[in-house]
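Following: one structure in structure tokens, then a few remarks.
Please treat every number below as a calculation from the coordinates, not as lab data. On a predicted model such as this, the values are computed, not experimentally measured, just so you know. Cβ sites come from the backbone with ideal geometry, for glycine too, and all protein chains shown count toward neighbours.
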């Protein structure tokens, strides 16, 4: 009886985690598109900077004030050698996502973002010489094919927005690879990641945003009929962007890897549907088919990765990584396990 109640609570917790993750993710995407299109605030660098400022403040409140998460203390040298490079790539990733939202529909942008598994595998293969099972490569075929079909049939195609979204996938993959190599051996939760990376990203982005968009923002502020209400929406999107990071941490710890992957793909479908209902961007039937093929390919990719991860080390079908040469030093963990401020 007790076991049944625990099972029901586990299922309810997983569904709640997925729903609130969907809610924050889709809301942030729709709000950003609304800011660019309806509020005519066409300044993606400034929007990204607002998001980073809100994320920095939110992470500080969660860790230092509310003490909901323990602070992982990092040496100053490691901050600049390891955290700063990831912050730079993280910054590029967010900016490119916002730039793409300005020029292309949400449905097209979300479909292109589904290309991230393919770019991650290719980068790991090219840069780190990591070998993958043939089934991993096979699962990338429908992803690439779906992206090609969607791109060729997109009625609102914009080359600049397409390139921004595509390079955003590369930035996401690079950030993942850097995190795996530089933070290997230590568990960084998403709140601590935001705590360290968001201030760096604000520093990196603040000067370009001021120089490139400062005059435009001032002109917009002076000519917009209701700038106060618009600014509330813009800063609200920043608060929700921080909540999204927190929700990702919650959903990862409440679901399995396969569930997280499937839920992520369904989230894309929900975002596409809601964005179409709000903005009414034209979608052809072939475009919808291409998007569906991409999402099915992503689900298949996640299933294959999970299945291979369940195999015992050393089995013939396990992905292999070449051994590190003896004359090459291994990267040490970012911090020691005893460097935690507070209790878990």
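Kindly rank 88-98, 140-150 from highest to lowest mean number of other beta carbons found within 10 Å of each residue.
Details: 88-98: 22.3, 140-150: 19.2.
Sorting 88-98, 140-150 by mean packing, highest first, produces 88-98, 140-150.
Within region 290-307, name every residue whose backbone N is under 20 Å away from a label modeled 7 Å from Cα of residue 152 along the Cβ vector.
Zone members listed by number: 290-298.
What does the highest-first list of 21-29, 121-129 look like by mean Cβ count within 10 Å?
Working: 21-29: 20.8, 121-129: 14.2.
Ranked by mean Cβ neighbours within 10 Å, highest first: 21-29, 121-129.
Post the alpha-carbon centroid distance, region 201-242 to region 103-146, in whole angstrom.
Here the answer is 33 Å between Cα centres.
If packing is taken as the mean number of other Cβ atoms within 10 Å per residue, what is the order of 56-65, 302-311, highest first? It would help to have the intermediate numbers written out before the result.
Details: 56-65: 17.0, 302-311: 14.9.
In decreasing order of mean packing, 56-65, 302-311 become 56-65, 302-311.
Over region 90-169, what is the relative contact order in percent, taking alpha-carbon pairs closer than 8 angstrom and at least six residues apart? Please report the intermediate quantities before stating the final value.
Working: 65 pairs, mean separation 49.4, N = 80.
Computed value for region 90-169: 62 percent relative contact order.
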